[in-house]
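Computed from the coordinates by the stated procedures, all read-outs in this text should not be read as laboratory data. Quantities reported herein were computed from a predicted structural model and do not represent experimental measurements. Reconstructed Cβ throughout: ideal geometry from the backbone, glycine too, with neighbour counts over all protein chains shown.
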Amino acid sequence: MLMSASNIDCFASLTLKERVAWFWEWFSASAERFHEAIEAHQCAELQPETSQAVDRWLPHMAWVYGPGENKTGHSLTLSGEGTLPKQFVAEYWLSQAPKLEGWSFYAARQPSANFDAITLRLEKEHETFKPIEFWIFPYVNEEAEKIDITVWHPSIKRLPEKARFMALFLMLDELLGEHGTQNWIGEIKFSEDALRKSVPIGELREVINDLQGMEGWRKHPPTETYSTYHLKDQSRHGLRSDTVAGSSRFFQLLGDYFAADGPCKHPLADLGVDLVFVSIPMEHFRRGSEVNGRSEIEEDLIKALQAEASGISLGGATGHENCYIDLALYDGEQSLKVVKKVLRKHRVPTRTKIHFFTSDHGREVILV
C-alpha cells in the first residue's frame, strides 16, 4: 500500500532506508504507466507527480527522465547536483533500485548522447543556450590532474555571474556527466572577449580522452574518493583534538566539526541520515597495530551495515587517545543496533562511545 499523509504521523521521522523503500514502492506501482507516457511523448505530464514524490520522500534531490542504457527503454536519474553528501544519498537510492522492465536508473547525471542538438533554458533570465555558443581555452593543471578552462559566451556581458556559471555547469554536465564535470574540470574563468585558439566546448571530450591516454590519470566517482589528512597538535582540547592522521571520503564534514568546535550543522537535513563517529580507546589495540586494528573493526562494520542496507563507512582516524571510525547511518536506531553489535563482538572497552557529528542531536553520546 502506498503511504499517504493520513497513515504516517510525521514524514520527518522517516529514516533514509524507509524513505527509499517507500519511493521504490511508489515508482514500481507507476513504472508501466510512466513508460507508456514517455513513449507517447507525454513526459512533461509526469513532472508534477514525480516532483511531488521526490519532494516527499527525498527532499532537496534533483531528478530527470532520459534514455535507457544503450538507448533501450527509459531512465530515471536521481542527482545530488554535484553536492557530495547528496551524492551519497543518490548512490544508496540506486543500490536499492528494483529491476523493472524497460527502465534504467542512475545516481548521477549522464552525458548527453546527442550533445550538439541540445538547448538549455534558464527561465528566470529568459535565456537559451546552445553548445556551439560556448567557446573555451583549456589548459592542463598537472598538479591537480584537472583541466582549467577559460570560457567565452556571447551573453557574458549581460548575464549576472551566478546565471553564467549555472548555464555553464548545466552544459558541462550534459557533455561530461555529473561525475565527469567534478572529476575533470578545475578552475573556471570567463573572458569578455572571444579567445584566440579557443575551441567549441564539445571538443572537451576529445581533450580528456587524449589526456587520459597520455597521462594515465584515472578518475573515480566522488563518493569513492578518499582524502588523507594529518593534523598538527591542536590548541583545543575537545573530542578528536588528539587526532594524528586519518582518511575520509567526506572531509568537509570533519572540517565543519572542527570549525564548530563540536557538533555542526547537518548537511543532509530532512533525509533521515545520521552522521556519527565511534571513539575507541587506544588501550584496546596492540601497540604498533592501532591502524590495522581499527581497520579490522571498520571492515566488520562495513559488512554488517551493507548486509542490512543501513549505512556506510566514511573513513577513520588514529589519535593519541582514541581511534575513530566515521559512519553515515541510514536506518536510525536499527543502524545503531548493528554498530553496537559489531563493537561488542570485538570486545571494545566500556569507554567506547558513539558520537554525532551534527548539532540536531546536541552533544548526545551513545554508550556501547
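Of all stretches in the chain that contain no chymotrypsin sites (Phe, Trp or Tyr not before Pro) in a DSSP loop with at most 15 other Cβ atoms within 10 Å, the longest one is 1-216. The order of Met171, Met61, going from fewest to most other C-beta atoms within 10 Å of their C-beta, is Met61, Met171.
Over the residues of the chain, the helix contribution to mean residue ellipticity at 222 nm works out to -10500 deg cm²/dmol, using -39500 (n - 2.57) for each DSSP H run of at least 4.
Of the beta bridges DSSP finds with both residues in the chain, what % are antiparallel, to the nearest 5? Taking every DSSP beta bridge within the chain, about 85 percent pair in antiparallel fashion. The ranking of Arg287, Arg109 from fewest to most other beta carbons within 10 Å of each one's beta carbon is Arg287, Arg109. Taking a Cβ cut-off of under 11 Å around Val276, the surrounding Lys, Arg, Asp and Glu residues balance to a net charge of -2, with basic ones at +1 and acidic ones at -1.
If a/c stays under 1.5 just call it rounded; otherwise compare a/b with b/c (prolate if a/b is bigger, oblate if not). Do that for segment 37-128, with a ≥ b ≥ c from the square roots of the Cα gyration tensor eigenvalues. Taking the square roots of the gyration eigenvalues as a ≥ b ≥ c, segment 37-128 is rounded. Take every Cα pair under 8 Å whose residues are at least 6 apart in sequence, average their separation, divide by the length of segment 1-144, and the relative contact order is 16 percent. Selection among Gln47, Leu14, Trp135 by position relative to the dipole of the chain gives Leu14 as farthest towards the positive end (Cβ unit charges, Cα centre). Taking a 21 Å limit on the Cα-Cα distance, which of the listed pairs Lys86/Lys341; Lys189/Lys219; Lys124/Lys162; Lys303/Lys340 fall beyond it? With Cα atoms farther than 21 Å apart: Lys86/Lys341; Lys189/Lys219. Note on the chain: GNM, Cα springs under 10 Å; of Leu100, Leu170, Leu314, the largest mean-square fluctuation is that of Leu100.
Could you tell me whether segment 215-368 comes out rounded, prolate or oblate from its Cα gyration tensor? Rule is a ≥ b ≥ c as square roots of the eigenvalues, rounded for a/c under 1.5, then prolate if a/b exceeds b/c, otherwise oblate. Rounded. The charge dipole of the chain, taken about its Cα centre with unit charges on the Cβ of Lys, Arg, Asp and Glu (plus for the first two, minus for the last two), comes to roughly 1000 debye.
Using alpha carbon centroids, what distance separates segment 125-183 and segment 292-337, in Å? Answer, in whole Å: 38. Going by a ≥ b ≥ c, the root eigenvalues of the Cα gyration tensor, does the chain fall in the rounded group (a/c under 1.5), the prolate group (a/b larger than b/c) or the oblate group? The shape class here is oblate. Using R0 = 30 Å, the C-beta based FRET efficiency linking Glu143 and Lys232 works out to 0.85. Over all other residues within a Cβ to Cβ distance under 10 Å of Ala163, the charged ones net out to +1, with Lys and Arg as +1 and Asp and Glu as -1. Across segment 226-367, C-alpha contacts under 8 Å between residues 6 or more apart give a mean separation that, scaled by the residue count, equals a relative contact order of 31 percent. Just add up the charged neighbours of Asp331: K/R +1, D/E -1, any other residue whose Cβ is under 14 Å from the Cβ of Asp331. Value of the local net charge: +1. Listed from fewest to most Cβ neighbours within 10 Å, the set Ile354, Ile118 follows the order Ile118, Ile354. Between Asp261 and Ser289, the contour length at 0.36 nm per residue exceeds the Cα-Cα span by 7.2 nm.
Using C-alpha pairs below 8 Å separated by at least 6 residues, the relative contact order for the chain is 14 percent.
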